[in-house]
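Have a look at the structure below before the remarks.
The values are calculated or read from the model by the stated rules, or taken from the named source; none is laboratory data. The shown structure was predicted, so the numbers you read here are calculated from the model rather than taken from an experiment. Backbone-built Cβ (ideal geometry, glycine too); neighbour counts: all protein chains shown. Note: accessible area is taken over every heavy atom of the protein model, side chains too, but ligands, DNA and RNA are not part of it. Shrake-Rupley method; radii C 1.70, N 1.55, O 1.52, S 1.80 Å.
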Amino acid sequence: MSTDIIVRFTDSYVQKLGDIKKVVGLMSPKSLIQIIDTLDLDANPRNSRLGSVTDAIQASIRADELSPEQKLFPFKSKGILLASSNYEPLERGRYRLSFTPNDEVEGILDGGHNTLAIGSYILSEAELALGNRPPKKSEVSIWDSFKQTWMNRRADIEDYLSLLREEKAALKEKGISTLDFSIPVELLVPTDPNDALCVENFRTSLLEICDARNNNAQLTQGTKGNQEGLFDSFKALFVEKYPEFAGNISWKTNDGKPIESRKLVALSWIPLSLISSTVTSGDIEAPQPPLVYSGKEKCQEKFLQLMRDDRVTRASGSARRELKNPQVLSALKVATDLPGLYDEIYSRFPKYYNKTGSYGKIGAAKSLKNSRDEYRTPFFKNKAGNPVPEGFIYPLVCGLRALMETDDQGKVRWKTDPHEFLDSPAFENVVAQYSGVIQQSDYDPQKVGKGAMSYTAVENSMKLAVLMG
């Protein structure tokens, strides 16, 4: 179900080129209030965060409000870029825009920091006008927190707007904002909203426009890939299997979530390595195992290359690509098991290592100790007895590849239950043999995690354990 809003432009003009029409003009903060009510930053490649940029934006707004003549904010700022395929031009520079919830193509394409800065400014001024406590910085520091605070206090903003209508001069005397500034806004719409082909071409173009507009912000490859929909299937699998965990995965810059998606993407190459060459006829080779630990950006780059391949995904009408390859989907399903298995190995490792050595004497392990002597596993945050350097864990996690196979249709599956394997004496024996690799690497997690020998030794041990089991 779509939501309609009406926005008004002043000093506006219209440009048309091909299937796209652009309305350029100025907008009042009151129109932006509707936009914040209705939209999130789903179409923006990154979430916005308060900082020096937003401080400068708010300072420019305050300067405009204090100046009776010079209004410079529209010339200092790029403003906000909106896009809507469903619109209706009205009288007096007004447009009715219709947005579908959670649309990751239309909405605020650029200007997320402007939206956050202006929105938090309006909210703070509203509370000052009403004599209430302004929101704490932590309540508005990133977009998701701000939007929640905005909605919680939305009635206060409405009361503030009433005061502006009735007591504007009194508010101005107290130094409280009267929203006397203009926001530069560009609106992209299809030239002919009733022509299905025109609308499809318009929506297809938006992703490229959004990418280009945000290039000056040096978007990470992962953020761009997220906008293309290249992680959508992987995300959906986590939501289906571990909904709470999925809610903690950071797929966008500045979204404030603790689990880095690139770590999960790197781990996905453990099952993907069984099929990537087959699926792409050898055009895309899996990264070498040590890169899962030390080259997560490279693993992500390879993943995006794989997912952009037409043999794996297809572009939909909205320009977001959809996974169509059943072999790759099967590998991603197996990959969703890996964060939990990583945590299991993390919890067991010190105890199993002590069968042949003294884990507590390893300098790298002692350096991770804290004064509370309380530790959590990296992904699911379960209690752990000891901290473990990542470099010691990754070869064992990558070794789980020995427990995987492809079926007659080329789909990846577990040939041995991994949880049962990690709970067995066979895995204890694998760790015992692997401890020799750690000793030969001078107990240095970096040498262990980056050394090809570590991964080869573990996978061979696991293969032998599976055969003998």
Separation of alpha-carbon centers, the range 152-225 and the range 241-262, rounded to whole Å:
26 Å
Where the centroid of each part is defined by its Cα atoms, how far is the range 21-87 from the range 361-401 in Å?
45 Å
Rounded to two decimals, what ratio of Rg to Rh does the range 307-395 give with C-alpha atoms and a Kirkwood Rh?
1.22
Tell me the carbon and sulfur percent of the accessible area for the range 131-189, rounded to whole percent, probe radius 1.4 Å.
46 percent
Surface per residue (accessible, 1.4 Å probe) for the chain, Å²:
46 Å²
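Tally the DSSP beta bridges in the chain and give the antiparallel ones as a percent, rounded to 5. Walk me through the numbers on the way to the answer.
Numbers: 37 of 44 bridges.
Of all bridge pairs located within the chain, approximately 85 percent are antiparallel.
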Pairs of Cα atoms under 8 Å, at least six residues apart: use those to get the relative contact order of the range 45-147, whole percent.
34 percent
Quickly estimate the mean residue ellipticity at 222 nm for the chain, helices only: each DSSP H run with n ≥ 4 gives -39500 (n - 2.57), and the total goes over all residues, rounded to 500.
-15000 deg cm²/dmol
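Restrict the search to the range 272-366; then list the trypsin sites (Lys or Arg not before Pro) that DSSP places in a loop and that have at most 15 other Cβ atoms within 10 Å of their Cβ.
Numbers: sites: 296, 298, 302, 308, 311, 314, 320, 321, 324, 333, 348, 351, 355, 361, 366; in loops: 308, 311, 320, 324, 355.
Hits after loop and neighbour filter: 308, 311, 324, 355.
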Taking the Cα centre of the chain as origin, sum charge times position over the Cβ atoms of Lys and Arg (+1) and Asp and Glu (-1), and report the length of that vector in debye to the nearest 20.
1140 debye
Whole-Å semi-axes of the ellipsoid equivalent to the range 393-469 (Cα gyration tensor, √5λ, descending)
24, 14, 9
For the range 1-145, would you read off the P(r) tail past 25 Å as a percentage of all alpha carbon pairs?
31 percent
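About the Cα centre of the range 31-169, how large is the charge dipole given +1 on each Lys and Arg Cβ and -1 on each Asp and Glu Cβ? Please answer in debye to the nearest 20. Kindly include the intermediate steps, with their values, before the conclusion.
Details: 17 positive and 22 negative charges, 68 e Å.
Roughly 320 debye for the range 31-169.
What part of the accessible area of the range 299-423, given as a whole %, is carbon or sulfur when the probe is 1.4 angstrom? The partial results should precede the final answer.
Numbers: 2360 of 5620 Å².
Of all accessible area on the range 299-423, carbon and sulfur atoms account for 42 percent.
Which whole number in µm²/s is D for the range 29-92 by Stokes-Einstein, with the Kirkwood Rh taken over Cα pairs at 37 °C and 0.692 mPa s?
Details: Rh = 14.4 Å.
My calculation gives 228 µm²/s for D.
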Give or take rounding to whole Å, what are the principal axis extents of the alpha carbon atoms in the chain, in descending order?
82, 56, 33
Taking the range 321-462 and dividing mean pair separation by its residue count, relative contact order in percent (alpha carbons under 8 Å, at least six apart):
29 percent
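Quick one: in the range 279-359, what % of C-alpha pairs are over 15 Å apart?
On the way: 2300 of 3240 pairs.
Percentage above 15 Å: 71.
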In whole µm²/s, the translational diffusion coefficient that Stokes-Einstein assigns to the range 333-469, given a Kirkwood hydrodynamic radius over C-alpha pairs, 10 °C and 1.306 mPa s, equals 103 µm²/s
